[in-house]
1. Report, to the nearest 10°, how far helix B:4-19 tilts away from the longest principal axis of the Cα atoms in chain B, using its own Cα long axis and a range of 0 to 90°.
2. Could you tell me the relative contact order of region B:80-175? Use alpha-carbon pairs under 8 Å, at least six residues apart, and round to a whole percent.
3. Can you find, among B:Ala75, B:Val171, B:Gly87, the residue sitting farthest towards the positive end of the charge dipole of chain B, where Lys and Arg contribute +1 and Asp and Glu -1 at Cβ?
4. Give me the distance between the Cα centres of region A:118-175 and region B:6-52, rounded to whole Å.
5. Within the set of other residues whose C-beta is less than 15 Å from the C-beta of B:Gly218, count the net charge using Lys and Arg as +1 and Asp and Glu as -1.
6. If all Cα-Cα distances of region A:120-211 are sorted into 5 Å bins from 0 onward, what percent lands in each bin, rounded to whole numbers?
7. Which of A:Leu163, A:Leu56, A:Leu236 ends up with the largest GNM mean-square fluctuation for chain A, with Cα atoms connected below 10 Å?
8. What is the order of B:Ile56, A:Ile196, B:Ile138, fewest Cβ neighbours within 10 Å to most?
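Each reported figure results from applying straightforward, stated rules to the coordinates on display, with no laboratory input. Quick caveat, the model's predicted, so the values are computed rather than measured. Methodologically, a virtual Cβ is constructed for each residue, glycine included, from the backbone with ideal geometry; neighbour enumeration extends over all protein chains shown.
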Amino acid sequence: MSTAAALAPVTPLPPDRRVGLGTWLTVFTRLLAIQGAWNYETLLGNGVGFCMEPLLRRLPGGVHGARFRDALARESTYFNAHPYFAAVAVGALARVELSDVPPALIERFRTALAGPLGSVGDRLVWAGWLPLTSLAALVAFGFGASPTTMILVFLLPYNLGHLALRAWALHVGWTRGLGVASALASPLLRQAPNQIARAASAVAGVAVPLAAARLVGGAPENLLPVLAAAAVGAILLVRVYGRRQGWTLALLLLVLFALVSVVGR
Amino acid sequence: MTELLPLALLGALFGLDVVCFPQMMFSRPLVAATLTGALVGDALTGALAGATLELIALATLPFGASRYPEWGSAAAVGGAISAALHGDRAGALTIGTLAGLATAWLGGWTLVQLRLWNAALARRMRPALDSGSRRAVIGLQLAGLTSDLVRAALVTAASFAVTFPAARWLVAHWGPSLAVSRGVTTAAACAVCGAAVWTIFHSAPGARWYFAGGVLVGFSILLAR
């Protein structure tokens, strides 16, 4: 099969290789554990094989067949991707395995998939959706929300996005197979990180003073010196960015404060 | 200390959620510290510790193979200690946050060890994995998940067992007032959060103006109260 032929729209699978709802639910549940054996040598490679395994059982000969064993060995090697976007790879690679695409082409396709699935996910989720929903919950906290409300303000929208993203990724991988690259190049995925970053910046601006006010409590005049100190501290942290991590400096500062508080009593 | 076992179990679930399963982010400090606070009997103080640790945790981006603090067990310990010491006592929130940060450091180190252990296990199972053994692939995954659960339980239990007596002593001998203690802790957390917001979002066009607009709205709300 040539690459051009492989990039043509996916053809329907034979009836004996169609996948039922139960199998999809198993695959989706396994996707939640895709990083279970994450390590510095194969990264989440074993997880990809683990998630795909129920789909590969449709190969001729079933779990005892040579096709199944070859495919599972191939799909459990080194792979790197964002854990949520790895569902694209699981869907697309399972589809090409079941579509009798030659192994050499599958391996090239697998290698080509890894890079974009990491960078898109990191920007969209770790540096976008997660901080945005977390900051929104801090706004709720600053407004005096109850602990339950605050937790729901974070968990519900975050997981709505999270689970929808995993389901979409699996679906788009499975339905597009070798042609999945076009879905990853969609304007929505390219523009969303910047839109989320702007929204998160605005929400952060609201969240920091409100959350600080609730944490400090008491008289409003206590708040201004705290926020002024925080602003100076933030500027200093930005200047040392790359050499020191903020949380380690916070740890150091609080250790010193605790020592002074007890010794200088 | 009667809470040690349930706390270790809760910390195990939070620690597992950070990387392995199901990454639904109930391990975030805002959630985890509040829930452990509730377990100890003071959800509100747990929420205060959670918000403080969350402001600091925003700076952590869990990109691939980078080493980062593990906030699940950390939040369990920080929330439990703050709640057990009662947040309205001077120093309680500071010490709870400090215990959380120390646990985050320890948890991050154990995550690295877990990944090395997983790699060693994969190397040992290489012949079976290369032959496409279904049992080996599933076994390796389950071994990794179980190890992470145990790791997080041990980190939570060990950290709480060591830091709680020390925390109780520190709070009993604490000098500064509640306002000063809360002020210093909040300023440190907000500084880390502010720097994180700048670092993560400043490259997005117009983000700094959105942030400035947000600050204006935030202060307007505070003045209107």
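1. The angle comes out at about 80 degrees.
2. 46 percent
3. About the Cα centre, the residue reaching furthest to the positive side is B:Ala75.
4. 17 Å
5. Here the charged neighbours net out to +2.
6. 3, 14, 19, 21, 16, 11, 8, 5, 3, 1, 0
7. Of A:Leu163, A:Leu56, A:Leu236, the Gaussian network model singles out A:Leu236 as fluctuating most.
8. Ordered by Cβ neighbours within 10 Å, fewest first: B:Ile138, A:Ile196, B:Ile56.
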